1. Looking only at the range 197-209, filter to residues that are more than 16 Å from residue 112 (Cβ to Cβ) and surrounded by fewer than 23 Cβ atoms within 10 Å (Cβ to Cβ); which one of those is nearest to the ligand (Cβ to nearest atom)?
2. Only one of these conditions is not met by residue 25: (1) closer than 25 Å to residue 222 by Cβ; (2) touching a residue at least 60 places away in the same chain (Cβ under 8 Å). Which number is it?
3. Kindly establish whether residue 167 is surrounded by 22 or more Cβ atoms within 10 Å (Cβ to Cβ), in the same structural domain as residue 243 (by TED's automatic domain parsing) and within 16 Å of the ligand (Cβ to nearest atom).
4. Does residue 236 fit the bill of being closer than 29 Å to residue 125 by Cβ, within 16 Å of the ligand (Cβ to nearest atom) and touching a strand residue (DSSP E or B) at 6+ places or on another chain (Cβ under 8 Å)?
5. Looking at the structure I just gave you, is residue 189 away from the ligand (no atom under 16 Å from the Cβ) and surrounded by 13 or more Cβ atoms within 10 Å (Cβ to Cβ)?
6. Would you pick out the residues in the range 88-111 that are part of a strand (DSSP E or B) and either assigned by TED's automatic domain parsing to the domain that holds residue 151 or without any contact (Cβ under 8 Å) to a residue 24 or more places away in the chain (or both)?
7. Across the range 263-276, what is the number of residues that are out of contact with any helix residue (DSSP H, G or I) (no Cβ under 8 Å at 6 or more places or on another chain) and either within 16 Å of the ligand (Cβ to nearest atom) or at pLDDT 95 or above (or both)?
Ligand SMILES: [Fe+2]
């Protein structure tokens, strides 16, 4: 069975719903596409028809994230595989805009993952965006999520063996023991990673580390960084090139979650072996991690 396809969206908690909607739409250039009766607001980058983020008021962090499969047959295959392992699933239809059937279940980290069949064209098309008024600096798409899990080994095992994600890169500790790692990225297809995973540091709670957004190139990313800085928001880290290949910059958005802006993510051929590496510097270009960077939301 093929793994699920790319990361689609995440449901985040934000401190103040209307302030966040204002920031995401007026500053980041996302578009509000729907509000539901549970107070959830769905936002989209607008090149394709599916929302890239949903938000709800109350706290910070992530409630749930969505991965996509192409067919109902694939969805059923997941449901059967999860039932074999006694993993309880919820199932339904049409919960979000442009979504068909979905199943939801808990990961070992206790985060809820949703696997969904999306009712839309297959890929973003710049020449005929779903939302024509989207500004040029808006991200192309939701890129990936990165979270912290207390038992990161069990989480990785589940993502790999049950859900079929390939393990792309493992960043080890300075001891360079493959069983002791500080970060790993897993991929559904050829995109370097759809999920980044880290062990929690001295905390038994799973936490969101960041949500990432895709940009066409450095110039596109610079336009967003300029726009965000005009609102008085400073970058926490970057921009710089990661040892895994992409260029990224991070900041804390007003809702209380960390966002990454990302471009130039490498494509990894299927079947490529997992790469184990260690590097002291945060970026291949140098620099150190700020202390705040181990914190999640
Ligand atoms: Fe990331």
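The values are calculated or read from the model by the stated rules, or taken from the named source; none is laboratory data. Computed from a prediction, not measured in an experiment: that's the story for all the values here. Glycine gets a Cβ as well: all are built from the backbone with ideal geometry, and neighbour counts include every protein chain shown.
1. So, considering only residues that are more than 16 Å from residue 112 (Cβ to Cβ) and surrounded by fewer than 23 Cβ atoms within 10 Å (Cβ to Cβ), the one nearest to the ligand (Cβ to nearest atom) is 198.
2. (2)
3. no
4. On the way: closer than 29 Å to residue 125 by Cβ: no; within 16 Å of the ligand (Cβ to nearest atom): yes; touching a strand residue (DSSP E or B) at 6+ places or on another chain (Cβ under 8 Å): yes.
Here the answer is no, as residue 236 does not meet what is asked.
5. It is true that residue 189 is away from the ligand (no atom under 16 Å from the Cβ) and surrounded by 13 or more Cβ atoms within 10 Å (Cβ to Cβ).
6. Step one: of the range 88-111, the residues part of a strand (DSSP E or B) are 90-93, 99-106.
The answer is 90, 91, 92, 93, 105, 106.
7. Initial filter on the range 263-276 (out of contact with any helix residue (DSSP H, G or I) (no Cβ under 8 Å at 6 or more places or on another chain)): 265-276.
From the residues that got through so far, the ones that are either within 16 Å of the ligand (Cβ to nearest atom) or at pLDDT 95 or above (or both) too are 265-268, 272-276.
Residues meeting the conditions: 9.
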